[in-house]
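J.: Handing you a structure now.
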Amino acid sequence: MTDPQLVLTERVQQALGTAFGPEYAGADPLIRPSQFADFQANVALSLAKRLRRAPREVAQAIADALDAAGTTDVFESVEISGPGFLNITLKDEWISAQAERTLEDPRVGVGLTTPPQTVLVDYSAPNAAKEMHVGHLRTTIVGDSLVRILEHLGNRLIRQNHLGDWGTPFGMLIEHLLDIGEGNAIARLEAGEGSEYYQEARVKFDSDNAFKERSRRRVATLQAEDPETIRLWHLFMNATISYFNKIYSTLGVTLTDDDIAGESMYNRMLAETCADLEASGIATVSEGALCVFPPGFTGSDDKPLPLIIRKSDGGYGYATTDLAAIRYRVRDLKVDRILYVVGAEQALHFQMVFAAARMAGWLTDEVSAEHTQIGMMLGSDGRRFRTRSGVATKLSDLLDEAVERASAAIAERGYDEATRAEIAHTVGMGAVKYADLSVSHDSEYIFDYDRMLAFSGNTGPYMQYATARIRSIFRKGEIDPSAATGPIILGEPAERDLALQLLGFGSVVEHAGASSEPHRVCAYLYETASTFTTFYEKCHVLHDDVPPETRASRLALCALTLNVLQTGLNLLGVPTPTRM
RNA sequence: GCGCCCUUAGCUCAGCCGGAUAGAGCAUCGGACUUCUAAUCCGACGGUCGCAGGUUCGAAUCCUGCAGGGCGCGCCA
């Protein structure tokens, strides 16, 4: 165990047992980072009442017990301060020893979840039958990061891309495909003109009654799985998926075709899902529609709020699909945890779906279903991210612009064309992705190229720059980072700060996975990069006047920093250039 | 009417498993390149944490109420 917080928790708990009896050994010692020492333990204050003793007295008893236990291998000092805080300073030798251990650890201090869970992450889910907009970018990126984090923690991950690939609009989309010709339609969809395509079909649907009628008939033949209609549907979907895949590939998202589990997949389960709910009396017919009324959900006038699972025309909506999906995921895929990485505006829907699934017994207490709410992406004016015409910005255009801007920023660096393009791509994508990840996922988020591409502050490029500088040291010194093994000697405060900071990686990743919050990883990495740059400015590594043992120690610190940053950025899905 | 999210420095955001003097970045002002990438670093300035109660030794953090903003709420998904 190298994580200081965990080690301190264990040691202080032992001391609590010694000082006050075994019933106190399980109390949370409330170890927190401190501005007055390396860490502080706040447990004396919280236990004072229960023990009926003065807080400082309690703190003294804990300190004495720590002394008696002979913990001088870890602690430099334990001081009582203020109303009863225990200020804990770690020994330099202990920190450097842990840092050396972490340097040898291929997992860089990140533990494995025991027992591992089967976690299903439902994310990205672009809708082929609607305008695709930049909002999908965020669910994709946050979801992919959560997958990477949870997988790295040793869990079994099931990625599911719940594509919007079924339903009423597909009648009109298929008819439009016939109108403009198969080849033409495919070419345009693959080129990412899905939004325009949808708009054209929509306009015809609204203005041309004959087209409207054809579209309606087409929906019916699609539902009936008529072979020719299914063929056309496949043509449409394959072309659309091909475009999605281009975006995924550009972004470096880990989703593949194998992860597609779209709405169409559940089509054949819908009737049975409804029948089950109706038979068990959970669903009832109201105003012609089959509904579930989960308790506790009311609309205006305290009227129960319905979850409509079969429309009055006999068709099914997304509530039915989501119920069928949750049943399938729990019963057949045997998941322990499901994360729905979906827009925050769907909060009420998911609450009701989860409630209905619990009523049906499909969702049990052993399974955690969580809606990871994704806040809306806003333009720089603080309003919905739209172009003037109201049409959503094309994703590829948005990404291209980020790359162009990154390219412009490195224009004077003297790289050849190919290298420059490669760096620009890495920096551009890193900037966009990091910006999506660095703020809490449920808050609204203002998309701003200048801010995300800035080379200072909590941005992708700043993180990337830190790794590039470290690599540059190794390149210049003609040393392989894996050959830098120390020993680590902590002299300067900047060296000590860095080493201590690096030991906290594991618990941050663990916490981020448990709470589904990648931004915690970002915050930690930013602190780490920032601590490193301070070290970088103050402590020369390759300079002639640096003694060999100091140089070896600093190289080891650089290597460990690189490991942490590189591993952390991988967990975020943010790529790193070797130079920039 | 109900539900979710939000309100912290001029701006963009952290912190919210209660703990000491509320943190970053940007902006503003002032410093640091014969030195491993100055795309950087150091410093200064800047906040009655929306308001009012409550719980507590202690509240930005927990509870209640109120105000303001965003989003959603019966047959689109």
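J.: As I understand it, the dipole of segment A:210-367 uses +1 on the Cβ of Lys and Arg and -1 on the Cβ of Asp and Glu, about the Cα centre. Which of A:P306, A:V342, A:F244 lies farthest toward its positive end?
T.: Highest projection toward the positive end goes to A:F244.
J.: Right, here's the next one. Angle between the Cα long axis of helix A:55-68 and the longest principal axis of chain A, 0 to 90 degrees, nearest 10?
T.: Orientation of helix A:55-68: about 70 degrees from the principal axis.
J.: If you don't mind, there's one more thing I want to ask. Take the solvent-accessible surface of the protein heavy atoms, probe 1.4 Å, and return the percent of it on segment A:177-244 that carbon and sulfur atoms account for. The partial results should precede the final answer.
T.: On the way: 1790 of 3360 Å².
Answer for segment A:177-244 is 53 percent, counting heavy atoms of protein chains only.
J.: Long-range amide H contacts for A:A283: which residues qualify at under 5 Å (H placed 1.01 Å from N, peptide plane, sequence gap of 5 or more or a different chain)?
T.: A:E278
J.: So, one more: Calculate how many DSSP beta bridges within chain A are antiparallel, expressed in % of all such bridges and rounded to the nearest 5. Don't skip to the end; give the middle numbers.
T.: Working: 21 of 41 bridges.
So the antiparallel bridges amount to about 50 percent of the total.
J.: With point charges of +1 on the Cβ of Lys and Arg and -1 on the Cβ of Asp and Glu, referenced to the Cα centre of segment A:95-240, which listed residue (A:T229, A:G154, A:N209) lies farthest in the positive direction of the dipole?
T.: Ranked along the dipole, the leading option is A:G154.
J.: A further question follows. Kindly give the semi-axes, whole Å and largest first, of the ellipsoid equivalent to segment A:236-324, taking each as the square root of 5 times a Cα gyration tensor eigenvalue. Walk me through the intermediate numbers first.
T.: On the way: eigenvalues 238, 49, 26 Å².
With the √(5λ) rule applied to segment A:236-324, the semi-axes are 35, 16, 11 Å.
J.: Output ³J(HN,Hα) for segment A:493-509: one whole-Hz value per residue in order, computed from phi by the Karplus curve 6.51 cos²θ - 1.76 cosθ + 1.60 with θ = phi - 60°, and x for Gly and Pro.
T.: Those phi angles translate into x, 5, 5, 5, 4, 5, 4, 5, 4, 5, 6, x, 4, x, 5, 5, 5 Hz.
J.: Based solely on its DSSP helices, what 222 nm [θ] is calculated for chain A when runs of n ≥ 4 H residues each add -39,500 (n - 2.57) and the sum is averaged over all residues, nearest 500 deg cm²/dmol? Don't skip to the answer; put the middle values down first.
T.: Details: 21 runs with 308 residues, N = 580.
-17500 deg cm²/dmol, from helical runs alone.
J.: On to the next question. Residue by residue through segment A:439-451, which ³J(HN,Hα) values in whole Hz follow from phi under the Karplus form 6.51 cos²θ - 1.76 cosθ + 1.60 (θ = phi - 60°), with glycine and proline marked x?
T.: Result, ordered by residue: 9, 4, 5, 8, 8, 5, 8, 8, 6, 8, 4, 4, 6 Hz.
J.: Sticking with this structure for a sec: Positive end of the charge dipole of chain A (Lys, Arg +1 and Asp, Glu -1 on Cβ, about the Cα centre): tell me which of A:F455, A:G513, A:G164 has its Cα farthest that way.
T.: It is A:G164.
J.: I would also like to ask the following. Let me check I have the definition right: for chain A, take the eigenvalues of the Cα gyration tensor, multiply each by 5, take square roots. What are those semi-axes in whole Å, largest first?
T.: Details: eigenvalues 513, 224, 64 Å².
They are 51, 33, 18 Å, listed largest first.
J.: Now a separate question. Measure out, as a whole number of angstrom, how far apart the alpha-carbon centroids of segment A:293-350 and segment A:9-24 sit.
T.: 47 Å
J.: For segment A:217-233, in order, what is each residue's ³J(HN,Hα) by Karplus, 6.51 cos²θ - 1.76 cosθ + 1.60 with θ = phi - 60°, in whole Hz (x at glycine and Pro)?
T.: So the Karplus estimates, Gly and Pro as x, are 4, 5, 4, 4, 5, 5, 4, 7, 6, 4, x, 5, 5, 5, 4, 5, 4 Hz.
J.: Could you give the length gained by full extension between A:E537 and A:Q5, i.e. 0.36 nm per residue of separation minus their alpha carbon distance, to one decimal place? Intermediate values should be presented prior to the final figure.
T.: Working: separation 532, 0.36 × 532 = 191.52 nm, distance 2.81 nm.
Gain on extension, A:E537 to A:Q5, equals 188.7 nm.
J.: Could you compute the net charge surrounding A:A369? Neighbours are other residues with a C-beta less than 13 Å from the C-beta of A:A369; K and R count +1, D and E count -1. Spell out each step's value before the answer.
T.: Values: positive: A:R327, A:R329, A:R337, A:R358; negative: A:D122, A:D322, A:D336, A:D365, A:E366, A:E370.
Summing Lys and Arg as +1 and Asp and Glu as -1 gives -2.
J.: Let me ask something additional. Given Cβ point charges of +1 (Lys, Arg) and -1 (Asp, Glu) and nothing else, what value in debye, to the nearest 20, does the dipole of segment A:233-338 about its Cα centre take?
T.: So the magnitude is around 180 debye.
J.: Okay, moving on. For the cross-link pairs A:K246/A:K394; A:K49/A:K91; A:K130/A:K246; A:K130/A:K394; A:K476/A:K538, which exceed 21 Å when the distance is taken from alpha carbon to alpha carbon?
T.: Working: A:K246/A:K394 13 Å; A:K49/A:K91 32 Å; A:K130/A:K246 18 Å; A:K130/A:K394 13 Å; A:K476/A:K538 18 Å.
Long pairs (Cα-Cα over 21 Å): A:K49/A:K91.
J.: Just to be sure I understand the model, the point goes 7 Å from the Cα along the line to the Cβ. What's the resulting A:D450 to A:R413 distance in nm?
T.: Calculated label separation equals 2.2 nm.
J.: To continue, here is another question. Could you give the size of the charge dipole of chain A about its Cα centre, using +1 on the Cβ of each K and R and -1 on the Cβ of each D and E, expressed in debye and rounded to the nearest 20?
T.: Details: 55 positive and 78 negative charges, 121 e Å.
That gives chain A a dipole magnitude of about 580 debye.
J.: Amide H neighbours of A:I338 under 5 Å, at least 5 residues apart or on other chains, H built in the peptide plane: list them.
T.: Excluding prolines and chain starts, which carry no amide H, the hits are A:L120, A:S368, A:A369, A:E370.
J.: Please state the charge dipole magnitude for segment A:1-138, taken about the Cα centre, from unit charges on C-beta atoms (+1 on K and R, -1 on D and E), reported in debye and rounded to the nearest 20.
T.: Rounded to the nearest 20 debye, it is 680 debye.
J.: Below 12 angstrom from the Cβ of A:Y340, what's the summed charge of the other residues (Lys, Arg +1; Asp, Glu -1)?
T.: Charge balance near A:Y340 sits at -1.
The values are calculated or read from the model by the stated rules, or taken from the named source; none is laboratory data. Fair warning: this is a prediction, and the values are worked out from it, not measured in the lab. Heads up, the Cβs are rebuilt from the backbone with ideal geometry, glycines too, and the neighbour counts pull from every protein chain shown. Remember, those area values only see protein heavy atoms, side chains included, never the ligands or the DNA or RNA. Shrake-Rupley method; radii C 1.70, N 1.55, O 1.52, S 1.80 Å.
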